[in-house]
Amino acid sequence: MMNSKKELYRFVIEYFEKTRPIAETELHYSNPYELLVAVILSAQCTDKRVNLITPNFFKSFPDAVSLANASVEDIYKIIKSCSYPNSKAKNLLGMAKVLMTEFNGEVPSDINLLQRLPGVGRKTANVIASVVFDKPAMAVDTHVFRVANRIGLVSNAKTPLAVERQLMENFPLELIPKAHHWLILHGRYVCTARKPKCTECGLTLVCKEYKKISKKAEK
């Protein structure tokens with residue numbers, strides 16, 4: 001195990017720089033509005049499913065103006081194969097209306113302003129700020145929460161906000177947008193919820209959870 005948090009973070013950064021030099025969102029988008037729609041749709045839904053839905057969505061509603069003038073029923077028809085389509089249809093319509101009335105149809109870059117949009121909580125706001133505007137924002141989804149706690153990047157962090165704050169304190173500011181994707185992708189493909197692929201992971205040397213598992217196996 002590492003002697004200090006600084007050493008642990010250095011090891012983790014070096015590992016991901018080697019194994020995931022390119023780390024970015026797997027959602028398909030071409031502008032801030034499209035990413036905002038995709039992230040709202042991705043709540044408790046896979047990126048793969050969202051990427052199947054969005055091409056037709058953006059044909060029908062290419063911008064905030066067209067979406068603001070849509071009906072909930074029209075939106076629902078296109079997104080019904082994702083999770084919670086009823087509430088997401090309402091949120092998407094509400095989001096577009098607020099974009100038009102408060103922001104002239106432009107997606108704001110400020111995290112607090114983003115959270116004024118229906119369907120946009122802190123996590124979604126951080127994703128938009130980080131991915132589109134390259135701001136040092138750490139969105140904590142289930143993958144980030146799980147991986148950060150398992151490795152030991154955070155201590156006694158019981159909430160997403162606590163995890164976010166500790167990660168922000170310890171990752172260099174310029175790496176935070178990339179680190180966000182490192183942790184998501186690691187959680188999605190290696191450090192999975194039910195059966196983590198520890199044999200494929202180069203972080204077992206420093207991982208707090210792996211140390212626990214190894215101790216149990218020895219007994």
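Rounded to the nearest percent, how much of the accessible area of the chain (1.4 Å probe, protein heavy atoms only) is carbon and sulfur? Walk me through the numbers before you get to the answer.
Details: 6060 of 11710 Å².
It is 52 percent, rounded to a whole number.
So if I restrict to the alpha-carbon atoms in region 130-219, what is the Rg, and what is Dmax, the biggest pairwise distance, in Å?
13.5, 50
How many lysine pairs in region 38-133, separated by 8 or more positions in sequence or lying on different chains, have Cα atoms less than 15 Å apart?
On the way: Lys48/Lys80; Lys59/Lys77; Lys77/Lys88; Lys77/Lys90; Lys80/Lys88; Lys80/Lys90; Lys88/Lys97.
Lysine pairs meeting both conditions in region 38-133 amount to 7.
For an R0 of 45 angstrom, estimate the FRET efficiency from the Cβ-Cβ distance between Lys208 and Glu24 and round to the nearest 0.05.
Numbers: r = 27 Å, r/R0 = 0.61.
Rounded to the nearest 0.05, the efficiency is 0.95.
Please list, in order along region 99-110, the HN-Hα scalar couplings obtained from phi with the Karplus expression 6.51 cos²θ - 1.76 cosθ + 1.60 (θ = phi - 60°), rounded to whole Hz, x for Gly and Pro.
4, 6, 6, 9, 10, 6, x, 9, 6, x, 9, 7
How high is the relative contact order of the chain, in percent, counting Cα pairs under 8 Å that sit 6 or more residues apart? Please list the in-between numbers first.
Values: 255 pairs, mean separation 43.3, N = 219.
It rounds to 20 percent for the chain.
Arrange the peptides 202-208, 89-95, 191-197 so that the one whose residues have, on average, the most other Cβ atoms within 10 Å appears first.
Ranking, from highest mean packing down: 89-95, 202-208, 191-197.
From the helices alone, meaning DSSP H stretches of at least four residues, give me the mean residue ellipticity at 222 nm for the chain, per-run term -39500 (n - 2.57), in deg cm²/dmol to the nearest 500.
Numbers: 12 runs with 131 residues, N = 219.
Result for the chain, helices only: -18000 deg cm²/dmol.
Hey, can you find the accessible area per residue of the chain for me, probe 1.4 Å, expressed in square angstrom?
Details: 11710 Å² over 219 residues.
Result: 53 Å² of accessible area for each residue.
Modelling each spin label as a point 7 Å along the Cα-to-Cβ direction, I'd like the Asn56/Gln44 distance in nm, to one decimal.
With each label point 7 Å from Cα toward Cβ, the separation is 2.2 nm.
How many nm is it between the label spots at Lys135 and Ala217, if each spot is 7 Å from the Cα in line with the beta carbon?
Between Lys135 and Ala217, the simple spin-label model gives 4.3 nm.
Report, to two decimal places, the Cα Rg of region 1-115 normalised by 2.2 N^0.38 Å (N = number of residues). Don't skip to the end; give the middle numbers.
Working: Rg = 18.0 Å, N = 115, 2.2 N^0.38 = 13.4 Å.
Expressed relative to 2.2 N^0.38 Å, the Cα Rg reads 1.35.
Given 10 °C and 1.306 mPa s, compute D for region 101-152 with the Stokes-Einstein relation, Rh being the Kirkwood radius over Cα pairs; round to the nearest whole µm²/s. Can you show the working numbers first?
Working: Rh = 11.9 Å.
Answer, rounded: 134 µm²/s.
Calculate one ³J(HN,Hα) per residue across region 66-75 by plugging θ = phi - 60° into the Karplus curve 6.51 cos²θ - 1.76 cosθ + 1.60, and present them in order as whole Hz with x for glycine and proline.
For region 66-75, the Karplus curve yields 5, 6, 5, 9, 7, 10, 4, 5, 5, 5 Hz.
For Lys212, go through the lysines and keep the ones whose alpha-carbon is under 27 Å away, minus same-chain ones fewer than eight residues off.
The reachable lysines, counting only those whose Cα sits under 27 Å from Lys212, are Lys5, Lys6, Lys18, Lys158, Lys195, Lys197.
³J(HN,Hα) across region 37-46 via Karplus (A = 6.51, B = -1.76, C = 1.60, θ = phi - 60°), whole Hz, x for Gly/Pro?
3J(HN,Hα) across region 37-46, in whole Hz: 4, 4, 5, 4, 5, 7, 4, 6, 8, 6.
The values are calculated or read from the model by the stated rules, or taken from the named source; none is laboratory data. Computed from a predicted model, the values in this text were never measured in an experiment. Cβ sites come from the backbone with ideal geometry, for glycine too, and all protein chains shown count toward neighbours. The accessibility values were calculated without ligands, DNA or RNA, using every heavy atom of the protein model including side chains. Shrake-Rupley method; radii C 1.70, N 1.55, O 1.52, S 1.80 Å.
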